[in-house]
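Structure first, then comments.
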Amino acid sequence: MNDAVITLTELLTRWFDTPIAAIALTLAAYFLGMQVFKLLGRPNWCPAMLIAALLIAAVIALLPVGIDDYQRGAAWLMLLLGPATVALAVPLYQQLGQIRALWKPIVMTLPLSATLASLYAVLIAWAMGAPPEVLASLAPKSVTSPIALSLTEELGGSTALLMGALMLTGLTAIFAVEWLCRLMAIRDHRLIGLALGINGHALGTVRAFEISHQAGAFASLGLSLTGVFTAIVLPVAWHLLF
Amino acid sequence: MQVLRGFLWLLVGLLFGQSVVPWLPVALPAGVVGMLALTLVFLLRGGIDADIAAVSQPLIGMLALLIMPGVVEIFFVAGRFADQAAAILVALLVGTLASVASTLWLLKRCLPATEADTSTAP
């Protein structure tokens, strides 16, 4: 019995020596998460991604492998975030005509919206006594993860806390957009997409693509403009304040 | 093959971003620079390359999957921030709700509503 456990431990350690096991675990959890998500009746407060992340966390906690072993392997999968970000050029270009027609209102609203998305959270956390490390992890919460990660490192925040903040922000934004749009009788897919992209980064954009192609394209626009604007303004504003 | 050719172009865009980033006055990620550059290329050529379109669709659909591994870590470091949990949760939930409300209000006021009817048509 003891020998069997030792062999199993050895086998698992060997599995996680290469990125294959971590990638397989991520994909398996993703598909299982989708299944559970469908079984639950597609609740918008609990997306497939959260279920999948919980599954992975549970598997890592149960197996004799550490989060570091998993992260090392999964980093290979996350490498694809780079090309995926570049790929957003396609929906962006497809909606360029629409965007050009609307550049004035977009230029007028987007900087203020992107600023407020960060400012509200930082002010609330600051008023409740959070230390600068936490504030630095929350400030880029509405920005797409590749930008947010480089921003929070620059400001001195925690990347793990930022990833959690990104997820919670994305979920809250999706929920808030759907709830408030119903309340405010907003049915314009351009507007819904922009709001999802500005406040809910990639998670909101994924949701917007589920609504319609147009909403998705406007979400990509909101996501990229918020990202660019925050990347430029946040470090400057931060060093003026702290 | 088409997907691989498109993927190669995305990597070229990313490499271009990586080479330009050190010269920029702000710390933009290479992916965003690549995205903006590729949009500019489409603009100059007056259309989207079929290879790139073929690879973009599945890659964008995978975005949630690609973010997931980063999310897993929070469950293991959550304890470190336990004493700040209330501030963090309130800031994220209330802050995001407030920012979505202001965004929608601003957009509703500034976006011309005339075209809205066409976009809601099925």
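Derivation of every value follows stated rules applied to the coordinates shown; laboratory data play no part. Everything numeric here is computed off the predicted structure, so don't read it as measured data. Note that we place each Cβ from the backbone using ideal geometry, even for glycine, and neighbour counts take in every protein chain shown.
About its Cα centre, the stretch A:102-225 has a charge dipole of approximately 400 debye under the convention of +1 per Lys or Arg Cβ and -1 per Asp or Glu Cβ, with nothing else charged.
Taking every alpha-carbon pair in chain B and binning the separations at 5 Å intervals from zero gives 2, 8, 9, 11, 11, 16, 16, 14, 8, 3, 1 percent.
Averaged over peptide A:16-23, how many Cβ atoms belonging to another chain are found within 10 Å of each residue's Cβ? Provide the component values of the computation, followed by the final result.
On the way: counts 0, 0, 0, 0, 0, 0, 1, 1.
Mean inter-chain Cβ contacts per residue within 10 Å come to 0.
Placing unit charges on each Cβ (+1 for Lys and Arg, -1 for Asp and Glu) gives the stretch A:41-182 a dipole about its Cα centre, and among A:162, A:105, A:60 the Cα reaching farthest toward its positive end belongs to A:105. Peptide packing: for B:15-22, A:122-129, A:175-182, the average count of neighbouring Cβ atoms within 10 Å per residue gives the ranking A:175-182, A:122-129, B:15-22, highest mean first. Charging the Cβ of each Asp and Glu at -1 and of each Lys and Arg at +1, and nothing else, the dipole of the protein assembly as shown about its Cα centre rounds to 980 debye.
Within 10 Å of each Cβ of B:1-10, how many other protein chain Cβ atoms are there on average? Please report the intermediate quantities before stating the final value.
Working: counts 0, 0, 0, 0, 0, 3, 3, 1, 3, 9.
Across B:1-10, the average partner-chain Cβ count within 10 Å equals 2.
With axes computed from alpha carbons, what is the tilt in degrees of helix A:2-15 against the longest principal axis of chain A, rounded to the nearest 10 within 0 to 90? Once rounded, the angle reads 40 degrees.
Looking only at Cα atoms, what is the convex hull volume of the stretch B:1-72 per residue, in Å³?
On the way: hull volume 7.4 nm³, N = 72.
Enclosed volume per residue, from the Cα hull, is 102 Å³.
Ranked by the mean number of other Cβ atoms within 10 Å of their residues, highest first, the peptides A:192-201, B:51-60 come out as A:192-201, B:51-60. Rounding to the nearest 10 and keeping the result within 0 to 90°, find how far the Cα-based axis of helix A:48-62 lies from the longest principal axis of chain A. Rounded to the nearest ten degrees, it is 30. Along the axis of the charge dipole computed for the protein assembly as shown (Cβ charges of +1 for Lys and Arg, -1 for Asp and Glu, origin at the Cα centre), the listed residues A:93, A:239, A:149 are led at the positive end by A:93. List the aspartates and glutamates whose alpha-carbon lies under 17 Å from that of residue A:104, not counting same-chain residues fewer than 8 positions away? Those aspartates and glutamates meeting the cut-off are B:115. Given the options A:121, A:101, A:165, state which has the largest fluctuation in a GNM of chain A using a 10 Å cut-off (strictly under) for Cα springs. In this elastic network of chain A, the residue with the biggest mean-square fluctuation among A:121, A:101, A:165 is A:101.
Roughly what % of Cα-Cα distances in the protein assembly as shown sit above 32 Å, to the whole percent? Value for the protein assembly as shown: 31 percent of Cα pairs lie more than 32 Å apart. Gyration tensor over the Cα atoms of the stretch A:155-232: the corresponding equivalent ellipsoid has semi-axes (square roots of 5 times the eigenvalues, largest first) of 23, 14, 10 Å. Charge dipole (Cα centre; +1 on Lys/Arg Cβ, -1 on Asp/Glu Cβ; no other charges) of the stretch A:1-141 amounts to roughly 820 debye. Relative contact order, whole percent, for the stretch B:1-72 stands at 40, derived from Cα pairs under 8 Å and 6 or more residues apart.
Averaged over the residues of B:13-23, the number of partner chain Cβ atoms lying within 10 Å of the residue Cβ comes to 2. Rounded, prolate or oblate for the stretch A:38-192? Axes are the square roots of the Cα gyration tensor eigenvalues, ordered a ≥ b ≥ c, and the cut-off for rounded is a/c under 1.5. Here the stretch A:38-192 falls in the prolate category.
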